[in-house]
1. Which count do you get for residues in the stretch 117-137 that are closer than 15 Å to residue 183 by Cβ and touching a residue at least 40 places away in the same chain (Cβ under 8 Å)?
2. Of the conditions (1) at pLDDT below 85; (2) more than 30 Å from the chain's Cα centre (by Cα), residue 38 clears all except one; give me its number.
3. I want to confirm something. Restricting to the stretch 94-116 and keeping residues that are modelled with pLDDT of 90 or more and more than 10 Å from the chain's Cα centre (by Cα), which single residue is nearest to residue 183 (Cα to Cα)?
4. Return yes or no: is residue 141 under 28 Å from residue 67 (Cβ atoms), at pLDDT below 85 and not in a loop (DSSP other than H, G, I, E, B)?
5. Go through the stretch 150-189 and count every residue that is over 16 Å from residue 108 (Cβ atoms) and either surrounded by 16 or more Cβ atoms within 10 Å (Cβ to Cβ) or out of contact with any helix residue (DSSP H, G or I) (no Cβ under 7 Å at 6 or more places or on another chain) (or both).
6. From the set of residues in the stretch 48-72 that are closer than 16 Å to residue 131 by Cα and out of contact with any strand residue (DSSP E or B) (no Cβ under 7 Å at 6 or more places or on another chain), which is surrounded by the fewest Cβ atoms within 10 Å (Cβ to Cβ)?
7. For the stretch 6-39, give me each residue that is in contact with a strand residue (DSSP E or B) (Cβ under 9 Å, 6 or more places away or on another chain) and farther than 30 Å from residue 55 by Cα.
8. Any idea which of 39, 75 is surrounded by 14 or more Cβ atoms within 10 Å (Cβ to Cβ) and over 30 Å from residue 121 (Cβ atoms)?
């Protein structure tokens, strides 16, 4: 019991003094929940000894860069990649994103990007489409490949790009399709459909 600082083990009847500190977290405003009758008032005051307010990641812009670098280093080591940071464009996109999934979402985004990236810095192309939506061509992108006078076969280019990322994700996931789908930010069903469409898998697999 919190009030008496005692616990009763499962299956036992005797109370044993505890020597722990309780830490609780929530994304709700418990003061509001108490007033609405959805949270016990006595428990609220018992828990609310030291309150630490942690704003969501979207409100901590400077933390995004620090966490990004931390996750890049972590997953570069795990995947054996030479990635050592992120381009300014990637940093801008991440800083402007709302992160509904908070830090956990950033971690997944960076893991996916590191697994797919072929350069030493994370590029925008390795980010999920939801982050690339507001991407404006940067100086490096416009100078990298000028649009040819004779035009291009856009469909063929897109198919080749899709194939490259599907293959890279499967390699990064050691052939595990569920993991590959997560790295690509798509469902397993979507991954399977794309693999079949590009001739990388058969219908009965």
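1. Within the stretch 117-137, the subset closer than 15 Å to residue 183 by Cβ is 117-118, 122, 125-131.
If we keep only those that are touching a residue at least 40 places away in the same chain (Cβ under 8 Å) too, we end up with 118, 122, 128-130.
Qualifying residue count, the stretch 117-137: 5.
2. With (1) at pLDDT below 85; (2) more than 30 Å from the chain's Cα centre (by Cα) applied to residue 38, the lone miss is (1).
3. Only one residue fits best here, namely 114.
4. So residue 141 fits the description; yes.
5. Here is the first cut: in the stretch 150-189, the ones over 16 Å from residue 108 (Cβ atoms) are 150-168, 170-171, 174-175, 177, 189.
From what's left, either surrounded by 16 or more Cβ atoms within 10 Å (Cβ to Cβ) or out of contact with any helix residue (DSSP H, G or I) (no Cβ under 7 Å at 6 or more places or on another chain) (or both): 150-161, 163-168, 170-171, 174-175, 177, 189.
Going through the stretch 150-189 one residue at a time, the tally reaches 24.
6. Filtering first and then ranking leaves 61.
7. Passing the criteria: 6, 7, 8, 9, 14, 15, 16, 17, 18.
8. Numbers: 75 fails: over 30 Å from residue 121 (Cβ atoms).
Going through 39, 75 in turn, just one is surrounded by 14 or more Cβ atoms within 10 Å (Cβ to Cβ) and over 30 Å from residue 121 (Cβ atoms): 39.
The values are calculated or read from the model by the stated rules, or taken from the named source; none is laboratory data. Nothing here was measured: the structure is a model prediction, and the numbers come from that model. Cβ coordinates were reconstructed from backbone atoms using ideal geometry, including for glycine residues, and neighbour counts include every protein chain displayed.
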